[in-house]
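> The structure's right below; bear with me while I get my questions together.
The values are calculated or read from the model by the stated rules, or taken from the named source; none is laboratory data. The structure displayed is predicted, hence computed values, not measured ones. A quick note on method: Cβ atoms are made from the backbone with ideal geometry, for glycine too, and the neighbour counts reach across all protein chains shown.
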Amino acid sequence: MELLIGIPLGVLAAVRRGSNSDRAATGLSIVLISAPSFWVGYLLLNFLAFQPLVNAGIGIFPLSGYEPLNLRYLALPALTLGFSGAAYYVRLTRTTMIEEMNKDYVRTARAKGAPPRTVTWRHAFRNSLPPLLTQLGLDFGVFLGGVVVVENVFSWPGIGRLAVQSIVTSDVPLIMGTVIFGTLCIVLANLVVDIAYAIVDPRVRL
């Protein structure tokens, strides 16, 4: 979710640098970075779950809980994490895209008459992917350690909440299990990022 929100806004801000779109995307990223995730979660619960249920009797999204294979329970937690993480991707994408679009190969592509969309996405954006992949790999660790608040807001039985409960109850085997699971996820995430590096940037294969 954070990629779907952050990357297009970052590319838009870079392509239209100095415009109202750039200022709006930058301002939105500052607001989202400053907003605590639990506050965003409560706002989404109030306006998208509680208010429709009270005012119109329509339960668009559940107020809490979890049901397997039901995306309605996933929507609000995903939006909460997506809004919080999208701010970093807006700023990172904007910075890397501006750097790439000022390089010689982009000016050459423009001079040869390449369409602006091709220059933006096929050339500049593709060469901006390595920093984004690095951040994506780091996000796995953030998700495992930082979604405890979101899980409590939406009453989700997640790994983070389970780890906190195991610490409170001094359940040592469960603590070890959650730590090993988190470590395994981070190792696999870094492996996937390394493979993606080789796909995106052929120079890594040398």
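> Of the residues V147, V90, V193, which is closer than 21 Å to S29 by Cα and either of a type in the set (G, A, S) or touching a Leu at 6+ places or on another chain (Cβ under 6 Å) (or both)?
Values: V147 fails: either of a type in the set (G, A, S) or touching a Leu at 6+ places or on another chain (Cβ under 6 Å) (or both); V193 fails: closer than 21 Å to S29 by Cα.
None of the other options fit; the residue is V90.
> Inside region 94-132, can you point out the residues that are in contact with a helix residue (DSSP H, G or I) (Cβ under 6 Å, 6 or more places away or on another chain) and not in a helix (DSSP H, G or I)?
Selection gives S128 alone.
> Also: Please work out which residue is farthest from Y73 (Cα to Cα), limiting yourself to region 142-185 and to residues that are of a type in the set (F, W, Y) and not in a loop (DSSP other than H, G, I, E, B).
F181
> Are any residues in region 81-99 closer than 18 Å to H123 by Cβ and buried (at least 20 other Cβ atoms within 10 Å of the Cβ), and if so, which ones?
Of region 81-99, the ones closer than 18 Å to H123 by Cβ are 93-99.
Scanning region 81-99 gives T93, R94, T96, M97.
> Okay, moving on. Identify all residues within region 153-197 that are surrounded by 12 or more Cβ atoms within 10 Å (Cβ to Cβ), touching a residue at least 24 places away in the same chain (Cβ under 8 Å) and not aliphatic (A, V, I, L, M); write none if there are none.
The answer is F154, S155, W156, G182, C185, N190, Y197.
> Give the residue, chosen from T118, T93, that is of a type in the set (S, T, Y) and either in contact (Cβ under 8 Å) with a residue 40 or more places away in the chain or within 27 Å of L162 (Cβ to Cβ) (or both).
T93 is the lone residue from the list that is of a type in the set (S, T, Y) and either in contact (Cβ under 8 Å) with a residue 40 or more places away in the chain or within 27 Å of L162 (Cβ to Cβ) (or both).
> Name the one entry in F154, F143, F181 that is of a type in the set (F, W, Y) and closer than 23 Å to L132 by Cβ. Lay out the reasoning, then the answer.
Values: F154 fails: closer than 23 Å to L132 by Cβ; F181 fails: closer than 23 Å to L132 by Cβ.
Going through F154, F143, F181 in turn, just one is of a type in the set (F, W, Y) and closer than 23 Å to L132 by Cβ: F143.
> Could you tell me which numbered condition F83 fails, if it satisfies all but one of (1) under 19 Å from G41 (Cβ atoms); (2) not in a helix (DSSP H, G or I)?
Failed condition: (2).
> Residues of region 113-126 being modelled with pLDDT of 85 or more and surrounded by 18 or more Cβ atoms within 10 Å (Cβ to Cβ), which ones?
Across region 113-126, the qualifying residues are V119, T120, A124, F125.
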